[in-house]
Amino acid sequence: MKVDVLLGLQWGDEGKGKVVDVLTPKYDVITRFQGGPNAGHTLEFDNEKYVLHNIPSGVFHADKINVIGNGVVLDPITFKKEIDGLEARGTNLTKNLHISKKAHLILPTHRILDAASEASKGASKIGSTLKGIGPTYMDKTGRNGLRVGDILHNFEEKYAALKAKHLRLLEMYDFEYDLDAFEVGLMEGIENLRRFTLIDSEHELNRNLKEGKSILAEGAQGTLLDIDFGSYPFVTSSNTVCAGACIGMGIAPNKIGEVYGIFKAYCTRVGSGPFPTELFDADGDLMRKNGNEFGSTTGRPRRCGWLDLVALKYSVMINGVTQLIMMKGDVLSDFDTIKIATAYKMAGEETEDFPFELPEGLEPVYTELPGWKCDLTKVRSEDEFPEELNFYISFLERELGVPIKIVSVGPDREQTIIRE
Ligand code: GDP
Ligand code: IMO
Ligand code: MG
């Protein structure tokens, strides 16, 4: 068996959580392989809405195993809150949620360092979710970090040593903080982690494959936020691309099967950084309103703009996408025409290649297609698609060279059309 991977192709929030939940019945195991509580993955079914941050989106199917892989950074405090919230709503995970001992721990001082670093950047801040992601991955690559497996022996001693180091680092910044407030719930969070099955996830996942079990890996963030290939430095601190799934789970590249690339029919970004097709007018406001584009983790309004094919082609290339999933077509129902950027004009020259940097003054070159001007949210089969939507889909398939296999027309599980 192979591992199928589902990845965001834009700046995150494409709808990964929804589609992982829809695809979960086909799989035995669902994994997360990078990122942490900076993610906010929304699921809706039976008139209930859930937002997951640390936990894979397969948890609402009782018979499935969900794994938090070694590439994830896990905050014991927010993890406990999330588990408590799910248990209060009737979902108990102590048996079916397994956690890699190699996943790194986000500590209270990582969150303080994140806030201090952002504050020191002033206007050039990244717009981080302030969940401590950057500092935790820095400690990982700097070989200072603490891992989930470290809670099994002398955790308090190890924590005290790393905390002392962080407090010395914080002296560099002119930043006030209340350490006690950040530390509330840490030891309860560590205790809570001990209730779960802590595993060597690379062994378990490879054993699963040998036994014929199927695995779906759920990406967090999106390709344009990847630490290597995103719009650096306005990115997150992990490899969000397909290759990151191999590292974040201990799965060899030749064990990767389908690569599902998920994108919105338009584009959003939350936080700072370049966004060539961003709209600052009534069209952008309409997308934000109709798409309810407010961050699932921070509540911040998301920046909105037209679909960017230059960026999307780049993401398809980097990830080796084999199937595309298009989300939120219903949000564009009010537009007479819909624009798609097919090239960038930079210093008078047109390019279709995603460049080293996205400089100010870069102009998207647009193609305009007719809008569908009808409500898609009740559509349940491809036969009911308006002609203009079919045209939009075939245009994208031709440009990207990959089939669009799933079209989503609303936030609910049921509002999902699988194309044959
Ligand atoms: P993720 O981070 O990729 O899982 O995406 P988020 O959950 O952060 O953001 C996607 C938002 O769009 C959520 O509020 C979803 O409920 C919602 N959503 C997902 N698919 C659709 C869709 O096809 N149409 C509409 N209108 N909303 C959708
Ligand atoms: P999901 O998984 C959208 C953005 C932040 C910021 C930058 C760095 O829900 O798609 P970080 O907290 O990682 O230091 O922030 O990345 N960002 C996201 N944007 N969706 C996400 O996750 C994101 N996770 C981080 O807004 O610009
Ligand atoms: Mg999200």
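The values are calculated or read from the model by the stated rules, or taken from the named source; none is laboratory data. Being a predicted model, the structure only gives us computed values, none of them experimental. Neighbour counts are summed over all protein chains in view; Cβ atoms, including those assigned to glycine, are modelled from backbone coordinates with ideal geometry. Side chains included, ligands, DNA and RNA excluded: accessible areas come from the protein's heavy atoms. Shrake-Rupley method; radii C 1.70, N 1.55, O 1.52, S 1.80 Å.
Go through the residues of region 373-394 one by one and say whether even a single one is modelled with pLDDT of 95 or more, in contact with a helix residue (DSSP H, G or I) (Cβ under 6 Å, 6 or more places away or on another chain), within 28 Å of F229 (Cα to Cα) and aliphatic (A, V, I, L, M).
No.
Of the numbered conditions (1) within 16 Å of ligand 1 (Cβ to nearest atom); (2) open to solvent by 20 Å² or more (accessible area, probe 1.4 Å); (3) modelled with pLDDT of 95 or more; (4) among the polar types (S, T, N, Q), S238 satisfies every one except a single condition; which is it?
So S238 meets the others, but not (2).
Any residue in region 120-146 that's open to solvent by 40 Å² or more (accessible area, probe 1.4 Å): show its pairings with residues that are charged (D, E, K, R) at Cβ separation under 6 Å, as long as the two are six or more apart or on different chains.
The qualifying pairs are K125/E118; L130/D114.
Can you tell me which residue among T367, T377 is open to solvent by less than 60 Å² (accessible area, probe 1.4 Å), part of a strand (DSSP E or B) and polar (S, T, N, Q)?
Residue meeting the stated conditions: T367.
Do you know which residues across region 21-54 are more than 16 Å from ligand 2 (Cβ to nearest atom) and buried (at least 19 other Cβ atoms within 10 Å of the Cβ)?
Within region 21-54, V22, L23, T24, Y27, V29 qualify.
Give just the number: which of (1) more than 11 Å from the chain's Cα centre (by Cα); (2) away from ligand 3 (no atom under 13 Å from the Cβ); (3) over 16 Å from I215 (Cα atoms) does D28 not satisfy?
(3)
Can you tell me which residue within region 261-299, out of those that are in contact (Cβ under 8 Å) with a residue 24 or more places away in the chain and among the acidic types (D, E), is nearest to ligand 2 (Cβ to nearest atom)?
Out of the qualifying residues, it is E293.
Can you name the number of the only condition in (1) surrounded by 15 or more Cβ atoms within 10 Å (Cβ to Cβ); (2) touching a helix residue (DSSP H, G or I) at 6+ places or on another chain (Cβ under 7 Å) that L162 fails?
Every listed condition holds for L162 apart from (2).
Pairs please, first residue from region 76-94 and over 20 Å from K49 (Cβ atoms) and of a type in the set (V, I, T), second anywhere and open to solvent by less than 20 Å² (accessible area, probe 1.4 Å) and modelled with pLDDT of 95 or more, Cβ atoms under 8 Å, 6+ apart in sequence or on different chains.
From residues that are over 20 Å from K49 (Cβ atoms) and of a type in the set (V, I, T), the pairs are I77/P108; I77/L186; I77/G189; T94/F196.
Which condition breaks for E14 when tested against (1) part of a loop (DSSP other than H, G, I, E, B); (2) of a type in the set (D, E); (3) away from ligand 3 (no atom under 13 Å from the Cβ)?
Looking at each condition in turn, E14 falls short on (3).
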